[in-house]
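Here the structure is laid out as structure tokens; the discussion comes afterwards.
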Amino acid sequence: MPGAGQGVVAVYREPYGPERLCTAAELRGVVLEEFGPVSEPVPYRGRKGIITYWPVTTREQTVVCGSLRQWRLAVELDSEPGWAAFCAGPMELQWRAGGRLRRWCPDFLARTADGVREVLVLKPPGQETLPASRLQVLEEVARAAGWRVRQVREPTFNTPARPGRARLSQRWIRADTPSNHPPVPPPLLRRLSAALRGRSLAAARSGLAAPAATTMPPRTL
């Protein structure tokens, strides 16, 4: 595994621009959360997957996801007011280990309402953490770029508060390509957005709730 600051580079693509290769430190201040994916996402190998799209309700942006797991995370991010902007797969990390070139796209880069950037990665199914090699690389990049790292569980829509929400949203949002996907009617999008608001409890369970802004001094014990 590479040591801190050694061997890891990042690839990202600005909107309508070419790919850019940079060091982790050069990522500081880059608004990756407002860019698109570094490459066209593909479903996970060996798993059921589908390219999915989520039209962000608070800004003119459509998040492209490579799996339903990412799509559920995008929905949750959009419903949690503590997050100001986010993008799925905006960068690819590259490093050498065991004599081989390794490549990996973390799930999301997001910015909180307070301007803090976080790398959000979904925990592998049935696991409590990422593989140690990936986690070390990610933490190394985050330190150099001034980001936080957060591992989250896959959000679930199987909550009793609003049954049928996932079926409603998937029926209109999920599609293989934008060309065969009908536009989301504005009234339905408003209804869906309203249904997704107030999911702070679910966001807390998945580990996705953004840190609350506060101006109160820290309490001393």
Quick one: what does P(r) look like for the stretch 65-145 with 10 Å bins over all Cα pairs, in whole %?
15, 47, 32, 5, 0
Would you order Val64, Val137 from fewest to most other beta-carbon atoms within 10 Å of each residue's own beta-carbon?
Val64, Val137
If Arg100, Arg111 are placed from fewest to most neighbouring beta carbons inside 10 Å, the sequence is Arg100, Arg111
Using the 10 angstrom Cβ neighbour count as an exposure proxy, how do Arg59, Arg148 rank, fewest first?
Arg59, Arg148
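Quick note: the coordinates plus some simple rules give every number you see, no bench work behind them. Worth saying up front: this structure is predicted, and the values here are computed from it rather than measured. Ideal geometry is used to build each Cβ from the backbone, glycine not excepted, and the neighbour counts take in all protein chains shown.
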